[in-house]
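Written below as structure tokens is the structure these notes are about.
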Amino acid sequence: MDRNRTYTNPVYEGYLGDPFVLQVGAEYYAYGTVAVRELAIPVLHSLDLVRWTRLGDALTSRGSDFDCLWAPEVAHHEGTYYMYYSAGGE
């Protein structure tokens with residue numbers, strides 16, 4: 001990573017509240033809260049913490065009793081990744 005590189009916020013054009021960034025080797029993955037009632041936790045990928053690409057959704061609540069998901073975090077333990085998040089419904 002070029003530590004002399006400058007950037008301007010935001011580094012991701014979409015909405016990503018409550019962001020969590022996980023470093024895996026030389027790559028970064030971000031998870032966060034999206035717009036109200038979007039029913040998903042998106043996954044973003046970056047090699048430099050400046051340019052981010054949305055890979056898709058790590059989790060959706062479509063078809064469940066939950067009508068919102070927020071504040072995800074991801075942990076790695078003994079080769080397995082675990083996602084913790086908040087969920088709610090009416």
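Please treat every number below as a calculation from the coordinates, not as lab data. Being a predicted model, the structure only gives us computed values, none of them experimental. Cβ: placed from backbone, ideal geometry, glycine included. Neighbour counts: every protein chain shown.
Numbers for the structure displayed
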| item | result |
| --- | --- |
| Dipole in debye (nearest 20) - the range 6-73, about Cα centre, beta carbon charges: Lys, Arg +1; Asp, Glu -1 | 140 debye |
| Amide proton proximity set for L39, modelled H, under 5 Å, gap of 5+ | L69 |
| Length-normalised contact order for the range 1-65 - Cα pairs under 8 Å, 6+ apart - percent | 25 percent |
| Table column - 3J(HN,Hα) (Hz), the range 52-57, Karplus curve with 6.51, -1.76, 1.60, x for Gly and Pro | 10, 10, 7, 8, x, 10 |
| Evaluated at q = 0.23 Å⁻¹: base-10 log I(q)/I(0), Debye formula over Cα of the chain | -1.17 |
| From phi via Karplus (6.51, -1.76, 1.60), per-residue ³J(HN,Hα) for the range 62-76 in Hz, x at Gly/Pro | 4, x, 10, 7, 8, 10, 7, 10, 7, 6, x, 9, 10, 10, 10 |
| Calculated from backbone phi, Karplus (6.51, -1.76, 1.60) coupling profile of the range 42-48 in Hz, x at Gly/Pro | x, 10, 10, 10, 8, 9, 9 |
| Longest site-free stretch - the chain; sites: chymotrypsin sites (Phe, Trp or Tyr not before Pro), DSSP loop, at most 15 other Cβ within 10 Å | 16-90 |
| Formal net charge of residues neighbouring P72 (Cβ-Cβ distance under 12 Å; K, R +1; D, E -1) | -3 |
